[in-house]
Amino acid sequence: MNDLPIYLDCNATTPVDPLVALAMQPWLGKHFGNPSSVHPYGKEAKAAVETARAEVAALIGGRPGDMIFCGSATEANNLAIFGVARALRGDQRHLVTSAIEHPSVMQPMRWLEAEGWQLTVLPVDGTGRVRMEAAAQAIRRDTALVSVMLANNETGAMQPVSEIAAPAHVYGALMHVDAAQAAGKIPINVHDLGTDLLTLAGHKFHAPKGVGALYVRAGTPILPIMAGANHERGLRPETENVPHIVALGTAARLAQERLVREATRLHALRDALHERLVIAIPGLLLNGHPTERLPNTLNLSFPGVAGWQLLAATPEIAASTGSACHAGGQTVSDVLAAMSVSREQALGALRLSLGRFTTEAEIDGAANALINAWRGLTSTAGR
C-alpha cells in the first residue's frame, strides 16, 4: 500500500517517466562508450547523443547544432550569462533582468554587477508579470544582455519575452530566456520568442536530475566558463553524460508528443482544484496572472493561516509554501514580495503544482484535505 502523500510539487521536480528510465537503462550498462572515442563503442554513444540533441531541439523549435548539453539549468544559466559577459568586453557593460528570476540568473547578474557591470532589475506588476514600460525604458545602446524567464516557478506567470526581445535586438543586445519551468508544459519556439539563448532543465519535465541544455543561436558571441577539451562546441568541456542525455532526449520527445492534450488535462485539473477551494474557503486569493499562467500551477494564499501551518496540518499532501522559516521567524518569497503582495498574504501562500501523473482522484483528495485542515486551524484560532 502506498502511504506517500499526494505529490503536488512538480515545479520543484518531477518523477522520472518510466519510459525515460527504460530508454536510459542500456546506456548505464552495455552501451558505456565515450562519445569522443572513434571505435564502435564511442560511435554508438555519439549517435545516441546526436539523436537526443535533435529531440531536445525539436521541443523548442531550434536546430540540433545549437543545443549544448549541461549538467543542470543552473549551469546553463551561468554559461549563458558569464559566457556572454566574457565574450562582450567592450563598451556594452549593461545588463537587464527581472525581479522574479531564479537565483541561478540573479546571482550571476549580481556577481557581474559587483565587478563593475551596470544592472537594471525590472519590476513586475501585481500578477507577477514584467512591466513592459519598464523594460522598454531600461534597454539601451550599451545593453549587452537581457535575461527574463519564460514562466515563473512560484506563480506560473508567463512573461512577455518576445515583446522584450524586440527592443533588445533593436539596440543590439542579446536575449536570454530561462525556460526551465516552462519547457514541456507550453509550446516553445525560439524563433517566435526572439531569443538568442534559452535554458532547459530535464527534471522539470520527467527526465532525471543532473542534466539540462542551453540553446545558443548560431553566431551568438559566447565563450566557455570552464577550461578543458573541445566538447559541446567548445562550450562545455566535459565528457558527455550519455545516459542522462538520452533520458533528456526521450523526455523531450514524450513532452512534445503529449504537449497539447497534457496541457489541456492539467489546466482542467488545476481549475477544478481552484474552484473547490474557492467555494469552501472565503477570502482565498490567487497569486499570479489569472490566464497568462502555466497550466499546472496554482499559487494560493489561505486567509488566517500561515502556509507552513496548513502544510503541517495536511500530511496527505506534498507541496511548497510561499515563505521560508528561519530561526528569527519567517521571510516571504522574493517573488511575492516583488509583486507587492502583503506580508500576511505572502505568509499564507501555498504553491500547488501538478504533473503528468496527477490524477482526478488525487485532486479530490487534496481539495478535501486542504479544506478540512484550513477549517480546523481557523476554528481553533477563533476560540
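The values are calculated or read from the model by the stated rules, or taken from the named source; none is laboratory data. These numbers come from a predicted model, not from an experiment. Neighbour counts run over all protein chains shown; Cβ positions are idealised from the backbone, glycine included. We work out accessible area using only protein heavy atoms, side chains counted, and drop any ligands, DNA or RNA first. Shrake-Rupley method; radii C 1.70, N 1.55, O 1.52, S 1.80 Å.
Among the residues of the range 89-130, what is the count of those that are touching a residue at least 24 places away in the same chain (Cβ under 8 Å), in contact with a Ser or Thr (Cβ under 7 Å, 6 or more places away or on another chain) and part of a helix (DSSP H, G or I)? Counting residues in the range 89-130 that are touching a residue at least 24 places away in the same chain (Cβ under 8 Å), in contact with a Ser or Thr (Cβ under 7 Å, 6 or more places away or on another chain) and part of a helix (DSSP H, G or I) gives 3.
Can you tell me which residue is surrounded by the fewest Cβ atoms within 10 Å (Cβ to Cβ) among those in the range 140-153 that are assigned to a loop (DSSP other than H, G, I, E, B) and touching a strand residue (DSSP E or B) at 6+ places or on another chain (Cβ under 6 Å)? The selected residue is 142.
When the range 296-308 is filtered for residues that are open to solvent by less than 10 Å² (accessible area, probe 1.4 Å) and either over 15 Å from residue 371 (Cβ atoms) or not hydrophobic (A, V, I, L, M, F, W, C) (or both), the ones remaining, listed by number, are 296, 297, 299, 301, 307.
When the residues of the range 27-47 are filtered to those that are within 29 Å of the chain's Cα centre (by Cα) and surrounded by fewer than 15 Cβ atoms within 10 Å (Cβ to Cβ), the one that is farthest from residue 211 (Cα to Cα) is 47. Filter the range 251-275 down to the residues that are farther than 24 Å from residue 368 by Cα and either aromatic (Phe, Trp, Tyr) or open to solvent by 40 Å² or more (accessible area, probe 1.4 Å) (or both) and list them by number. Of everything in the range 251-275, those that are farther than 24 Å from residue 368 by Cα and either aromatic (Phe, Trp, Tyr) or open to solvent by 40 Å² or more (accessible area, probe 1.4 Å) (or both) turn out to be 253, 256, 257, 258, 260, 261. Among the helices (runs of 4 or more DSSP H) confined to the range 1-87, the ones with at least 2 residues that are in contact with an Asp or Glu (Cβ under 8 Å, 6 or more places away or on another chain) are located at 40-59, 73-87.
Scanning the range 171-226 for residues that are out of contact with any helix residue (DSSP H, G or I) (no Cβ under 8 Å at 6 or more places or on another chain) and open to solvent by 10 Å² or more (accessible area, probe 1.4 Å) gives 171, 172, 189, 191, 196, 203, 219, 226. Cβ-Cβ contacts under 8 Å between residues 6 or more apart (or on different chains), taken from a first residue in the range 276-293 that is without any contact (Cβ under 8 Å) to a residue 40 or more places away in the chain and over 25 Å from residue 375 (Cα atoms) to a second residue that is open to solvent by less than 20 Å² (accessible area, probe 1.4 Å) and not aliphatic (A, V, I, L, M), are absent.
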